[in-house]
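Here is the structure we will look at.
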Amino acid sequence: MFEKKLFRSDMLKCVLCQDAPCSSSCGKLDPAGLLRSIWFDNEKTAASKFPTVNPCLSCSAPCETACVRPHEVPIRELMTRLHNEVKPELELPLPEEESRLHTDLCGVPLDNPFLLSSSVVASTYDMCERAFEAGWAGLAFKTICSFDIHEASPRFSAITGDNGSIIGFKNIEQLSDHSVAENMEIFRRLKKKYPGKFILGSIMGQNDAEWEELSRLCEENGADAIELNFSCPNMVDGGLGSDIGQVPELVERFTAAARRGTRLPILAKLTPNAATMSPAAEAARRGGANGISAINTIKSIIGVNPHTYVSSPAVHGMSAVGGYSGSAVKPIALRFIAELGQNPALQGMHFSAMGGVENWSDALEFILLGAGSVQVTTAVMQYGYRIIDDLKAGLNYYLAVKGFSSVKEATGLALDSVSETTDVLERDTVVFPKFSREKCIGCGRCEISCADGGHQAIRLNEGRRPILDGKKCVGCHLCVLICPERAISSSRKRISRA
């Protein structure tokens, strides 16, 4: 089930255009939308939209000629593979309704579990309006504060993959640079036009009185819940942001201050820049929080210029430690969400998860570890609000195939499989790798990696095909991970060491 047939590597030259020429040149399909679904791990719903008869068979592929990279993206081949390889294996037709996605955040209804996280992507009325129109259930508005914000330029840097897409993203951006009054006006306008959309008022105070006052103002002006930013790593003054989130006593104190100002649900947004998150989360609960948002960005340094000796982003010859996000942080975020979900002292709290979410399957992983809602920023900065289409469609299709009537039925299902230590793992059997002779091209990468990074259990025969030495193989599966053709998988065969 859900075995992938198509991968990003099949379409690396595609740049996911705005108003893509490939679609405007095709009168029968929306190649751009289908390609975007493949990119975002959503090949099943893409195939569900494909006609019964493949229109590409008798087509001269004007889409490939119109492409901004003419004939560099194999659009017709990808469309044909959707039809021939993926469509025949669909478990169900594409669901026509999205009721399975309906959920809530501390009792406040959500159309779906997807929110924009507090950042530049939710920082003006126009941006929030476009996000709501695109289909996002709600947003955490960029953190509101009463002190002056003056941003640096440039303030972003990134680590990119082979095709230029962002793997890890660093920012040194701070909070909303609008006044409190201006932001409250935005809240009122949004709630008037979109009464059914969720507004999470993210705030940061400098003292007890400010935390209380800001939470009160958010409630009075239309927020549905309050998020307390105890985790921004980029504050100029000490004692703010992640400095608070590392001290449980301060978390409890300022949560209690915010609670005095509002009856709305309160989420404490906690920092990953700590060994564990539970002490701060438990303190937030004692202070009156109803839930936890996690994770915020991780303190980082990206790159050092070998000529100027300055890391990135460089601001007039200087740089600074900043917040790291993007796909690279997802494993760390998942670990913290699992910690929160397994903590009995936090049972019943809402966990709003974020950190590296790009597609529906990323979001599902957080839900399976206990998240009740999922927030996104970096992927939106890279690909736009339009990714909500594939987030919703992919998760909805998964829930339908699994027979779930609600996203809540999937929440926390993976928690029992996670242990903080490896001492619970079974160690008496070996799972051998399995080689696909049809997919193997004889590159020898598996032999190199096994020889220099494993247990010298693979050699190539005269036909340049891998041969496994079962006496040496320990089942580490390094070869499975490094094969560029995905020609190695896990065998069902288990060998006992006993």
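If you check LEU468 against the conditions, is it surrounded by fewer than 17 Cβ atoms within 10 Å (Cβ to Cβ) and over 30 Å from GLY326 (Cα atoms)? Lay out the reasoning, then the answer.
Details: surrounded by fewer than 17 Cβ atoms within 10 Å (Cβ to Cβ): no; over 30 Å from GLY326 (Cα atoms): yes.
Answer is no for this residue.
Within segment 320-338, can one find any residue that is within 22 Å of the chain's Cα centre (by Cα) and over 27 Å from VAL120 (Cα atoms)?
Here is the first cut: in segment 320-338, the ones within 22 Å of the chain's Cα centre (by Cα) are 322-338.
Subsequent filtering for residues that are over 27 Å from VAL120 (Cα atoms) retains 338.
Yes, segment 320-338 contains a residue that is within 22 Å of the chain's Cα centre (by Cα) and over 27 Å from VAL120 (Cα atoms).
Would segment 422-431 turn up any residue that is in contact with a helix residue (DSSP H, G or I) (Cβ under 6 Å, 6 or more places away or on another chain), surrounded by fewer than 23 Cβ atoms within 10 Å (Cβ to Cβ) and not in a helix (DSSP H, G or I)?
No, segment 422-431 contains no residue that is in contact with a helix residue (DSSP H, G or I) (Cβ under 6 Å, 6 or more places away or on another chain), surrounded by fewer than 23 Cβ atoms within 10 Å (Cβ to Cβ) and not in a helix (DSSP H, G or I).
Please verify whether segment 51-70 includes one or more residues that are within 30 Å of LEU364 (Cα to Cα) and in a loop (DSSP other than H, G, I, E, B).
Initial filter on segment 51-70 (within 30 Å of LEU364 (Cα to Cα)): 51-52.
With the extra rule that they be in a loop (DSSP other than H, G, I, E, B), the set shrinks to 51-52.
Yes, some residue in segment 51-70 is within 30 Å of LEU364 (Cα to Cα) and in a loop (DSSP other than H, G, I, E, B).
Can you tell me which residues in segment 171-216 are within 23 Å of the chain's Cα centre (by Cα) and either over 16 Å from LEU139 (Cβ atoms) or acidic (Asp, Glu) (or both)?
Within segment 171-216, ASN171, ILE172, GLU173, GLN174 qualify.
Listed residues ALA223, ALA280, ALA257; which is closer than 22 Å to SER176 by Cβ, touching a helix residue (DSSP H, G or I) at 6+ places or on another chain (Cβ under 8 Å) and crowded, with 24+ Cβ neighbours inside 10 Å? Break it down stepwise before answering.
Numbers: ALA280 fails: closer than 22 Å to SER176 by Cβ; ALA257 fails: crowded, with 24+ Cβ neighbours inside 10 Å.
Just a single option satisfies the conditions, and that option is ALA223.
When you scan segment 423-434, do you find a residue that is touching a residue at least 24 places away in the same chain (Cβ under 8 Å) and of a type in the set (A, V, I, L, M), even just one?
So far as segment 423-434 goes, yes, one or more of its residues are touching a residue at least 24 places away in the same chain (Cβ under 8 Å) and of a type in the set (A, V, I, L, M).
Check whether at least one residue in segment 342-351 is closer than 30 Å to ASP126 by Cα and either surrounded by fewer than 24 Cβ atoms within 10 Å (Cβ to Cβ) or not charged (D, E, K, R) (or both), and report yes or no. Break it down stepwise before answering.
Taking segment 342-351 first, the residues closer than 30 Å to ASP126 by Cα are 350-351.
In the following step, the residues that additionally are either surrounded by fewer than 24 Cβ atoms within 10 Å (Cβ to Cβ) or not charged (D, E, K, R) (or both) were identified as 350-351.
The answer is yes; a qualifying residue exists.
Quick test for you: out of SER165, SER202, SER179, pick the one residue that is assigned by TED's automatic domain parsing to the domain that holds THR271, at pLDDT below 95 and either in contact with a Pro (Cβ under 6 Å, 6 or more places away or on another chain) or within 15 Å of THR124 (Cβ to Cβ) (or both). Walk me through how you get there before you give the answer.
Numbers: SER165 fails: either in contact with a Pro (Cβ under 6 Å, 6 or more places away or on another chain) or within 15 Å of THR124 (Cβ to Cβ) (or both); SER202 fails: at pLDDT below 95.
One residue alone meets the criteria, SER179.
Looking at THR124, THR160, THR103, THR143 in this structure, which one is in contact with a His (Cβ under 9 Å, 6 or more places away or on another chain) and assigned by TED's automatic domain parsing to the domain that holds ARG386? Before the answer, list the steps.
Working: THR160 fails: in contact with a His (Cβ under 9 Å, 6 or more places away or on another chain); THR103 fails: in contact with a His (Cβ under 9 Å, 6 or more places away or on another chain); THR143 fails: in contact with a His (Cβ under 9 Å, 6 or more places away or on another chain).
Only one candidate qualifies: THR124.
Which of the residues belonging to segment 383-421 are closer than 16 Å to ALA131 by Cβ and either in contact with a Ser or Thr (Cβ under 7 Å, 6 or more places away or on another chain) or not assigned by TED's automatic domain parsing to the domain that holds HIS350 (or both)?
Narrowing segment 383-421 to residues closer than 16 Å to ALA131 by Cβ: 383-392.
Result: ASP390, single match.
Show me the strands (runs of 3 or more DSSP E) found entirely inside segment 240-357 where at least 1 residues are free of Cβ contacts under 8 Å to residues at least 12 places away in the same chain and farther than 25 Å from ALA379 by Cβ. Reasoning before the result, please.
Numbers: elements: 266-269, 291-294, 298-300, 302-304, 322-325, 350-353.
Ranges flagged: 302-304.
Does CYS479 meet the test of being assigned to a helix (DSSP H, G or I), under 30 Å from the mean Cα position of the chain (by Cα) and surrounded by 12 or more Cβ atoms within 10 Å (Cβ to Cβ)?
Working: assigned to a helix (DSSP H, G or I): yes; under 30 Å from the mean Cα position of the chain (by Cα): yes; surrounded by 12 or more Cβ atoms within 10 Å (Cβ to Cβ): yes.
So CYS479 fits the description; yes.
Since VAL374 meets every condition but one in (1) in a helix (DSSP H, G or I); (2) buried (at least 18 other Cβ atoms within 10 Å of the Cβ), which condition does it not meet?
Exception for VAL374: condition (1).
Report the residue count in segment 442-465 for those that are over 36 Å from the mean Cα position of the chain (by Cα) and either touching a residue at least 24 places away in the same chain (Cβ under 8 Å) or in a loop (DSSP other than H, G, I, E, B) (or both).
7
Filter segment 386-413 for residues that are in a loop (DSSP other than H, G, I, E, B), at negative phi and touching a residue at least 60 places away in the same chain (Cβ under 8 Å) and give the result. Write out each step before concluding.
In the first step, residues of segment 386-413 are kept if they are in a loop (DSSP other than H, G, I, E, B); the result is 403-406, 411-413.
Imposing the further condition that a residue be at negative phi reduces the set to 404-406, 411, 413.
The answer is PHE404, SER405, SER406.
Among the listed residues VAL53, VAL73, identify the single one that is of a type in the set (A, V, I, L, M) and touching a Lys or Arg at 6+ places or on another chain (Cβ under 9 Å). Talk me through it step by step, then tell me what you get.
Working: VAL53 fails: touching a Lys or Arg at 6+ places or on another chain (Cβ under 9 Å).
Residue meeting the stated conditions: VAL73.
Of all residues being in a loop (DSSP other than H, G, I, E, B) and of a type in the set (Gly, Ala, Ser) in segment 358-371, which is farthest from GLY341 (Cα to Cα)? Just the residue, please. Outline the logic, then answer.
Restricting attention to segment 358-371, the residues satisfying the condition of being in a loop (DSSP other than H, G, I, E, B) are 358-359, 369-371.
Applying the additional criterion that residues be of a type in the set (Gly, Ala, Ser) yields 370-371.
Details: GLY370: 5, ALA371: 8 Å.
The selected residue is ALA371.
Here is a yes/no grid of residues against (1) of a type in the set (Val, Ile, Thr); (2) modelled with pLDDT under 95; (3) part of a helix (DSSP H, G or I); (4) in contact with a strand residue (DSSP E or B) (Cβ under 6 Å, 6 or more places away or on another chain):
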residue	(1), (2), (3), (4)
LEU94	no, yes, no, no
ASN112	no, no, no, no
SER118	no, no, no, yes
ARG130	no, no, yes, no
SER146	no, yes, no, no
SER153	no, yes, no, no
ILE159	yes, yes, no, yes
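Given the criterion closer than 21 Å to GLU358 by Cα, in contact with a helix residue (DSSP H, G or I) (Cβ under 7 Å, 6 or more places away or on another chain) and outside the structural domain of VAL357 (by TED's automatic domain parsing), identify the matching residue among ALA32, ALA61. Walk me through how you get there before you give the answer.
Working: ALA61 fails: closer than 21 Å to GLU358 by Cα.
Sole residue among the options that is closer than 21 Å to GLU358 by Cα, in contact with a helix residue (DSSP H, G or I) (Cβ under 7 Å, 6 or more places away or on another chain) and outside the structural domain of VAL357 (by TED's automatic domain parsing): ALA32.
The values are calculated or read from the model by the stated rules, or taken from the named source; none is laboratory data. All values reported here derive from a predicted model rather than from experimental measurement. Every residue, glycine among them, receives a Cβ derived from its backbone with ideal geometry; neighbour counts consider all protein chains shown.
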